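The values are calculated or read from the model by the stated rules, or taken from the named source; none is laboratory data. Worth saying up front: this structure is predicted, and the values here are computed from it rather than measured. Note that each Cβ is placed from the backbone with ideal geometry, even for glycine, and that neighbours are counted across all protein chains shown. The protein model used for the area step is the full one, side chains on, heavy atoms only, and it has no ligands, DNA or RNA in it. Shrake-Rupley method; radii C 1.70, N 1.55, O 1.52, S 1.80 Å.
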Amino acid sequence: MNAQSPHPAAQTTYQVRFDWGRRGAARITEGVDILVWVDVLPEASASSLVEVVGFVPGHAAVLAAGLADASATARWILAEQERLGRRASLAIVAAGDAEAGFTADDLLGAGAVIDALAALGIDDTSPEAAVAASAFAGLRRAVRHLTSASASGRAAAAAGMSTAALHEAAALDARQEARVVRLGSGAGASAD
């Protein structure tokens with residue numbers, strides 16, 4: 001069992017941390033090398049990546065991810081970890097915010113990223129991250145339907161997002177490149 005952190009909500013004793021929204025990002029980004037902002041349906045989210053970049057240490061890389069690029073994101077992280085020559089500390093943050101209501105699509109997207117990391121051997125996950133990965137693994141075959149049928153999916157459709165765009169956002173691993181928002185200090189080019 002990992003030692004207790006002075007701030008348990010920070011999950012600092014784990015390599016892979018997970019939380020929700022702006023407040024969650026503020027809790028778990030201490031000392032991280034990489035922040036992954038998971039926003040499956042950006043049009044429907046309460047929080048934005050721009051708002052949370054301020055919580056991330058200046059040396060840390062920042063990636064945007066969703067269901068469509070979960071595995072590409074995990075591969076980029078593995079390459080960055082190899083470049084660093086040590087275990088990279090990761091904050092996976094689902095864009096949905098508890099204040100605004102639960103977002104099933106972002107939980108599934110974050111779980112997909114965490115699951116893809118575990119498949120590559122990056123599996124020292126906090127209990128919170130393990131739960132997100134397990135939710136994704138149990139529902140993997142239904143992510144497309146769950147994304148469009150979720151409250152976020154219905155809100156995105158009501159705001160004008162087409163069914164095709166909803167399905168594209170929920171197409172697991174449809175994209176082969178990670179979306180790097182900011183490279184970490186001294187980081188090389190994208191791995192994909």
Quiz item: If G153 passes every condition in (1) at pLDDT 95 or above; (2) of a type outside the set (V, I, T); (3) surrounded by 24 or more Cβ atoms within 10 Å (Cβ to Cβ) but one, which one does it miss?
Solution: (1)
Exercise. Could you tell me which of the residues T147, T163, T125 is polar (S, T, N, Q), more than 17 Å from I77 (Cβ to Cβ), buried (at least 19 other Cβ atoms within 10 Å of the Cβ) and touching a residue at least 12 places away in the same chain (Cβ under 8 Å)?
Key: T147
Quiz item: Out of the residues in segment 23-41 that are open to solvent by 10 Å² or more (accessible area, probe 1.4 Å) and more than 13 Å from the chain's Cα centre (by Cα), which is modelled with the highest pLDDT?
Solution: D33
Exercise. Search segment 8-37 for residues being in a loop (DSSP other than H, G, I, E, B) and of a type in the set (D, E, K, R), and hand back the single one that is farthest from R86 (Cα to Cα).
Key: E30
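Please verify whether V40 is free of Cβ contacts under 8 Å to residues at least 60 places away in the same chain and either assigned to a loop (DSSP other than H, G, I, E, B) or aromatic (F, W, Y) (or both), treating the condition exactly as stated. Don't jump to the end; show me each part of the working.
Working: free of Cβ contacts under 8 Å to residues at least 60 places away in the same chain: no; either assigned to a loop (DSSP other than H, G, I, E, B) or aromatic (F, W, Y) (or both): yes.
Against the criterion (free of Cβ contacts under 8 Å to residues at least 60 places away in the same chain and either assigned to a loop (DSSP other than H, G, I, E, B) or aromatic (F, W, Y) (or both)), V40 does not qualify.
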Self-check item: Of residues in segment 50-73 being open to solvent by 30 Å² or more (accessible area, probe 1.4 Å) and assigned to a helix (DSSP H, G or I), the one nearest to L183 (Cα to Cα)
Solution: V53
Quiz prompt | Odd one out for A142, checked against (1) farther than 17 Å from A171 by Cα; (2) open to solvent by 10 Å² or more (accessible area, probe 1.4 Å); (3) at pLDDT 95 or above | solution = (1)
